1. Is there a simple number for the mean count of other chain Cβ atoms within 10 Å of the Cβ of residues in A:70-80, and what is it?
2. Relative to the longest principal axis of chain B, what angle (0 to 90°, nearest 10) does the C-alpha long axis of helix B:230-257 take?
3. Sort largest first and round to whole Å: the equivalent ellipsoid semi-axes of region A:1-127, each the square root of five times a Cα gyration tensor eigenvalue.
4. So how many Lys-Lys pairs in chain B land under 27 Å Cα to Cα, not counting same-chain pairs under 8 apart?
5. Normalising by the residue count of chain A, find the relative contact order in percent from Cα pairs under 8 Å and 6+ residues apart.
6. In deg cm²/dmol, rounded to 500, what helix-only [θ] at 222 nm does chain A give when every DSSP H run of at least 4 residues adds -39500 (n - 2.57) and the total is split over its residues?
7. Give me, ordered by chain and number, the residues 5 or more places off A:PHE206 or on other chains with an amide H under 5 Å from its own placed amide H.
8. Which whole-Hz ³J(HN,Hα) couplings does region A:144-151 yield from phi under the Karplus relation 6.51 cos²θ - 1.76 cosθ + 1.60, θ = phi - 60°, glycine and proline marked x?
Amino acid sequence: MIEVNGLFKKFGKNQVLDGLDLVMGDGGIIAILGPNGSGKTTLIKCLLGMVIPDKGTIKIGDVPIRGSWKYRSGINYMPQIADFPGNVKVRELFDMIRDLRQQPDRQQELAELFGLGPHLQKRLSTLSGGTKQKVNIVLSFMFDCPLLILDEPTTGLDPAALIRLKELIREEKSRGKTVLITSHIMEFVAEVADEVIYLLEGRIYFQGTVDELKKKTRQNNLEHAIAAITATPENA
Amino acid sequence: MLKILKYSFYDLMRSRWSYVYFLFYLMLGFVLLFLNNDVSKAVITLMNIIIVLVPLIGTIFGIMYCYNSKEFTELLLAQPIPRRSIFLGQYLGVASSLTFSLIFGLGIPFVLYGLFMSDAIFDFSLLLVTGAFLTLIFTALAFNIAISNENRIMGFGYAVLLWLFMAVIYDGLFLISLVIFEEYPLDNFSIAATLLNPVDLSRTLILLKLDISALLGYTGAVFKQFFGTNAGLVISAVMLLLWTIFPVWRMVYVAKRKDF
């Protein structure tokens, strides 16, 4: 369970998180949506301890995360931009992360699934954007963790890889894991998400299932529902 | 932390710049020995180069590494590793690979030339030790600059300024103040001013060890009196250590509170 209480974060003059409260249960796929700059990535980075909130508390599994780092062994994180150290080979990167985490992994299986075999001996700087993203996916699914955080996981993927990614996400869900996803691709969200959290100006604007959202906004398409959600504030 | 150190170290050891740095010292060592034909004299020439060059390389390399490894750092931050280990590991990785290049680049030609049979071995070791200290100090300062400045251009600017100040401007100011206040007793002032700049401190230490402090005139005598004693040596070693520890401590302090 993730419990966020009164989270504030300001970058310069920009109040990114403005007293955000949030409770998420265990298991299921939760999509965090919101316009650009609504604080999605900041919220995720707060959960990971990469951004330190000005005020407020975050508890993951009933344990406050402030000042702690061990809890991160229960989280797999996939960053938005697949940027890796350039002069490291793909295999070395996998080995390094494995060495750092010391947890059982299924990197080999995943690398094969995404067809990374021929790229393992290449340096990361020579890979294409999509291939880097595949490396990113393998890195974030290789360990068995109760919480997965995926920030824009679909960027740059070809259709075949996208299908495999969806399968992987569903598979993780069926194992009872919590998967947090941010995405701007509504089709993708509508297909995989059980629950939607809509962020606006640093607060939760809506939290519920996709169907609830459609019902509230009286739209039968998630894309339109999201577009309508802010236009009709009385629905919130 | 040791794992991060290991990866940073390997990463740097494989990069072209480490080789360039290593080969530069290797060539420098051979050329100096060839031209001087004397280990002791080569040590003096080498000192003049090391005192200026090591801080420059430490600063530039440190700041470059920090900015270039941004992705690596972010990857690590999401892993179950404390921030202190990430930054200390990277810092030690950079500093140790630079020190490695310095010691082996200079060590090989001197050893081949017969360093172990000459009496300059202690002078040479002192030179390497201060070189190592200067690397540690200026890499740490560079990490501090990089961690406090998101803007790379600004960061580079500050780093170059820092080096320029420590290696060149500081001496100028020091000299000017000595001239202006020449009517006053300046012994303590000049000792303090020397202690406060690691570049000057290293230079003075080596000059005194080489026993050519006569070149420094009256000031040299004062320094000799201060640094020549055991207490002076201990104090300067402590100062060099403080110069290393304080920036490293600040780096960890800031890193722990920074948003990524």
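Read-outs: derived from the displayed coordinates by stated rules, not from any lab. This structure is a prediction, so every number in the text was calculated from the model and none was measured. In this analysis, Cβ positions are derived from the backbone assuming ideal geometry, glycine residues included, and neighbour counts consider all displayed protein chains.
1. On the way: counts 3, 1, 6, 3, 1, 3, 1, 5, 1, 5, 0.
Taking all residues of A:70-80 together, the mean is 3.
2. The angle comes out at about 20 degrees.
3. Sorted largest first and rounded, they come to 32, 18, 14 Å.
4. Eligible lysine pairs with Cα atoms under 27 Å apart amount to 11.
5. For chain A, the relative contact order is 26 percent.
6. -10500 deg cm²/dmol, from helical runs alone.
7. A:TYR198
8. 3J(HN,Hα) across region A:144-151, in whole Hz: 8, 10, x, 10, 10, 10, 10, 9.
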